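S.K.: One structure follows; several queries about it will come next.
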Amino acid sequence: METILVLAHTEPDGSLAKSAREALHAARTLNKSLAGSSLVVGLVGENVQAAADSIAACPATKYFGVAGKDFAPSRYASDAAAAEAICKSAQATIVVAPATSRWARVLPGVAQRLGGRADTHVTGVADAGGKPAINRWYYRQRMEATLTRAQRPWFILVDPGSQAACECGAGAAKVETVTVNLPESGKRTTVVGIREPKADAQTIRPDAELLFVTGAGWTKKQADGQTHVPEAEKHIRGFLQLSRASLGSSKSLVDQGGEGQAVLSFLSHLNQIGQTGSTPRHPKGLSTCCHGEEPHTVGWRFIAERRAISLDPNCGWARGKADVLYVADAFAVMGKVNELLAAGK
Ligand SMILES: Cc1cc2nc3c(=O)[nH]c(=O)nc-3n(C[C@H](O)[C@H](O)[C@H](O)COP(=O)(O)OP(=O)(O)OC[C@H]3O[C@@H](n4cnc5c(N)ncnc54)[C@H](O)[C@@H]3O)c2cc1C
């Protein structure tokens, strides 16, 4: 009989992130499909009661918590000790956790300590004839595999954004405290602060409805024989502010910065979508001034509805990569779109 543990850490304000609720949804899916299995929750953070209460209406039968100041920051030694202790207390055979940066660096190590196995980038869980199974993609999202494992405990790190978030309501949860005696050597790393871009400068927004992709065309000579980079910046920034879309880019455009050419100031390699970039998940995508070549569009695997604006009617988007291709000048289109958005239309 499997004991499925949903392992989550709290956010700095004591709440649970959406990714934790997504992991809970995946765990519950497994729990429903595996006869005789039980579902339990484990929480790590400075204070875990509020987080437990926020999901108290979920079908978990037990809540385990490691709490205290030592467990507030993301730190390998304390996080690993807390996760290990909870897994042991819960006698977990399957551990489902959100693949946050905090858990992704710790849980494979915990699996090693417990003689288990860990799978990362999991995008689905399923029942394979009475056995638990997971889905994940390989070879830059070109091949999808379903796999099962006999080894326990089995750590399953679920990619954020790949699941629906569990909507179970709040209540009063009884949390069983798990005591971890952290040695001094486990407290050597201290977090002195967090440096992050200002909210407005943050162009990568994983929860956005729309992925807006910019290609090298924005910096190329246009019909008048001139480049119009400042104008391109204005259109792109304006659209991002008005739509709150997430900004992606082709490799050619982000590479230009390194080559010393005029380039959009707010782009970095983190924005790159594709084979050597990222593969984000958004319900919709709009590509502009980009050719839609395979190494780029392979990063669009999880974009449900795809549209593109390109001057070239024979670009990759026209060859089955997009649902809709507008053969048009993106400067003109985005200028008009921004005008309409600003007018609230
Ligand atoms: C091993 C390898 C890995 C790679 N990995 C990646 C990757 O991860 N991501 C990635 O993006 N690429 C990747 N590439 C590069 C990829 O093959 C392409 O070279 C790149 O995506 C092209 O970028 P682009 O479409 O922006 O530029 P271009 O090919 O220069 O296309 C610009 C487009 O803009 C259009 N255009 C110009 N002006 C306008 C206008 N006013 N309005 C509308 N359209 C206009 C043009 O018609 C043209 O179609 C990789 C390549 C290799 C070999």
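S.K.: Considering segment 24-47 alone, what residues qualify as being aliphatic (A, V, I, L, M) and either touching a helix residue (DSSP H, G or I) at 6+ places or on another chain (Cβ under 6 Å) or not in a loop (DSSP other than H, G, I, E, B) (or both)?
M.R.: Once the filter is applied, which keeps residues that are aliphatic (A, V, I, L, M) and either touching a helix residue (DSSP H, G or I) at 6+ places or on another chain (Cβ under 6 Å) or not in a loop (DSSP other than H, G, I, E, B) (or both), segment 24-47 yields Leu24, Ala26, Ala27, Leu30, Leu39, Val40, Val41, Leu43, Val44.
S.K.: Can you tell me which residue is farthest from the ligand (Cβ to nearest atom) among those in segment 223-234 that are touching a residue at least 60 places away in the same chain (Cβ under 8 Å) and in contact with a helix residue (DSSP H, G or I) (Cβ under 9 Å, 6 or more places away or on another chain)?
M.R.: Glu231
S.K.: Would you call Cys87 surrounded by 21 or more Cβ atoms within 10 Å (Cβ to Cβ), more than 17 Å from the chain's Cα centre (by Cα) and not in a strand (DSSP E or B)?
M.R.: Judged against the criteria, Cys87 is a match.
S.K.: So, one more: Cβ-Cβ distance below 8 Å, separation of 6 or more or different chains: which pairs start in segment 124-146 with a residue that is surrounded by 12 or more Cβ atoms within 10 Å (Cβ to Cβ) and outside any strand (DSSP E or B) and end on one that is at pLDDT 90 or above and hydrophobic (A, V, I, L, M, F, W, C)?
M.R.: Pairs found: Arg140/Val298; Gln141/Val298; Gln141/Phe302.
S.K.: Residue by residue through segment 1-20, note down the ones that are touching a residue at least 60 places away in the same chain (Cβ under 8 Å) and either polar (S, T, N, Q) or buried (at least 22 other Cβ atoms within 10 Å of the Cβ) (or both).
M.R.: Once the filter is applied, which keeps residues that are touching a residue at least 60 places away in the same chain (Cβ under 8 Å) and either polar (S, T, N, Q) or buried (at least 22 other Cβ atoms within 10 Å of the Cβ) (or both), segment 1-20 yields Thr3, Ile4, Leu5, Val6, Leu7, Ala8, His9, Ser19, Ala20.
S.K.: Among (1) in contact with a helix residue (DSSP H, G or I) (Cβ under 8 Å, 6 or more places away or on another chain); (2) surrounded by 15 or more Cβ atoms within 10 Å (Cβ to Cβ), where does Ile303 come up short?
M.R.: Ile303 satisfies every listed condition except (1).
S.K.: Here is a list: Arg205, Arg149. Which entry is farther than 21 Å from Arg306 by Cα and assigned to a loop (DSSP other than H, G, I, E, B)?
M.R.: Arg149 is the lone residue from the list that is farther than 21 Å from Arg306 by Cα and assigned to a loop (DSSP other than H, G, I, E, B).
S.K.: Moving on to the next point. Out of everything in segment 208-222 that is modelled with pLDDT of 95 or more and hydrophobic (A, V, I, L, M, F, W, C), what residue ends up being farthest from the ligand (Cβ to nearest atom)?
M.R.: Selected residue: Leu210.
S.K.: Given the criterion of a type outside the set (Val, Ile, Thr), surrounded by 15 or more Cβ atoms within 10 Å (Cβ to Cβ) and closer than 22 Å to Pro206 by Cβ, identify the matching residue among Gly316, Gly285.
M.R.: Answer to the selection: Gly285.
S.K.: Another one. Yes or no: Leu253 in contact with a Gly (Cβ under 8 Å, 6 or more places away or on another chain) and under 14 Å from Ala216 (Cβ atoms)?
M.R.: Spelling it out, Leu253 is indeed in contact with a Gly (Cβ under 8 Å, 6 or more places away or on another chain) and under 14 Å from Ala216 (Cβ atoms).
S.K.: While we're looking at this one, here's another question. Across segment 21-68, what is the number of residues that are of a type in the set (Asp, Glu) and crowded, with 21+ Cβ neighbours inside 10 Å?
M.R.: Number satisfying all stated conditions: 1.
S.K.: Given the options Gly186, Gly161, Gly169, name the one that is over 30 Å from Glu233 (Cβ atoms), within 28 Å of the chain's Cα centre (by Cα) and either modelled with pLDDT of 90 or more or surrounded by 12 or more Cβ atoms within 10 Å (Cβ to Cβ) (or both).
M.R.: Gly169
S.K.: Sort out which residues of segment 53-88 are of a type in the set (Gly, Ala, Ser) and touching a Leu at 6+ places or on another chain (Cβ under 7 Å), and write them in order of number.
M.R.: Once the filter is applied, which keeps residues that are of a type in the set (Gly, Ala, Ser) and touching a Leu at 6+ places or on another chain (Cβ under 7 Å), segment 53-88 yields Ser54, Ala60, Gly65, Ser78, Ala81, Ala83.
The values are calculated or read from the model by the stated rules, or taken from the named source; none is laboratory data. Being a predicted model, the structure only gives us computed values, none of them experimental. Glycine also receives a Cβ, built like all others from the backbone with ideal geometry; neighbour counts cover every protein chain displayed.
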